[in-house]
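Presented below is the structure to which this report refers.
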Amino acid sequence: MRKFLVVLDDSRECLNAMRFAAMRAAKTTGGVQILSVIPPEDYSHWIGVGEIMREEARERIQAHFEVFAKWMRDKQGVDPELVIREGEPVPEILAQIDEDREVGLLVLGAGTEKSGPGPLVNQMCKAAGNLPIPFTIVPGSLGKEELEAVC
């Protein structure tokens, strides 16, 4: 089964990427894999604090995932899977694509700020020529109806 890989983070544009991935997966009988990356923290002097912060991050990610997963199941009939990795976002995204051969499309949301589409989109665009799969950038300005029309 072909999977749409979408990144779950704290950005607002993540919502449109989730919607797009779920709608496309539903129409193509594909799956959705939601990847969240916990950035590395430097707590070498406070190992216990680092462990607590990573566990809190995992709990927060799981809570966000459950909200998106419920919507995907109820509205699109898609049962997403959650993958949590630790490290820098771009290398972890690339590693996930490399490790899971069922991932067929990366879906990212673009921000609407004047500063640009966001750091993740900028970094992935730089790596685009070497990606083993295509990726889609979903504009953050698209409304739900416009997304449905595109999908």
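The numbers here are math on the coordinates, done by the rules we state, and not lab data. Owing to the predicted nature of the structure, the values given are computational and were not obtained by experimental measurement. We place every Cβ from the backbone using ideal geometry, glycine too, and count neighbours over all the protein chains shown.
Of the set (1) within 24 Å of Asn130 (Cβ to Cβ); (2) among the aliphatic types (A, V, I, L, M); (3) surrounded by fewer than 19 Cβ atoms within 10 Å (Cβ to Cβ), all apply to Leu106 but (3). Among the helices (runs of 4 or more DSSP H) confined to segment 76-151, the ones with at least 2 residues that are in contact (Cβ under 8 Å) with a residue 12 or more places away in the chain, farther than 24 Å from Glu66 by Cβ and out of contact with any Lys or Arg (no Cβ under 7 Å at 6 or more places or on another chain) are located at 89-99, 119-127. So for segment 23-46 (the condition being in a helix (DSSP H, G or I), in contact with a Phe, Trp or Tyr (Cβ under 7 Å, 6 or more places away or on another chain) and within 23 Å of Val121 (Cα to Cα)), does at least one residue qualify? Yes, some residue in segment 23-46 is in a helix (DSSP H, G or I), in contact with a Phe, Trp or Tyr (Cβ under 7 Å, 6 or more places away or on another chain) and within 23 Å of Val121 (Cα to Cα).
Glu59 meets the conditions (1) over 14 Å from the mean Cα position of the chain (by Cα); (2) in contact (Cβ under 8 Å) with a residue 40 or more places away in the chain; (3) outside any loop (DSSP other than H, G, I, E, B) in every case but one. The failed one is (2).
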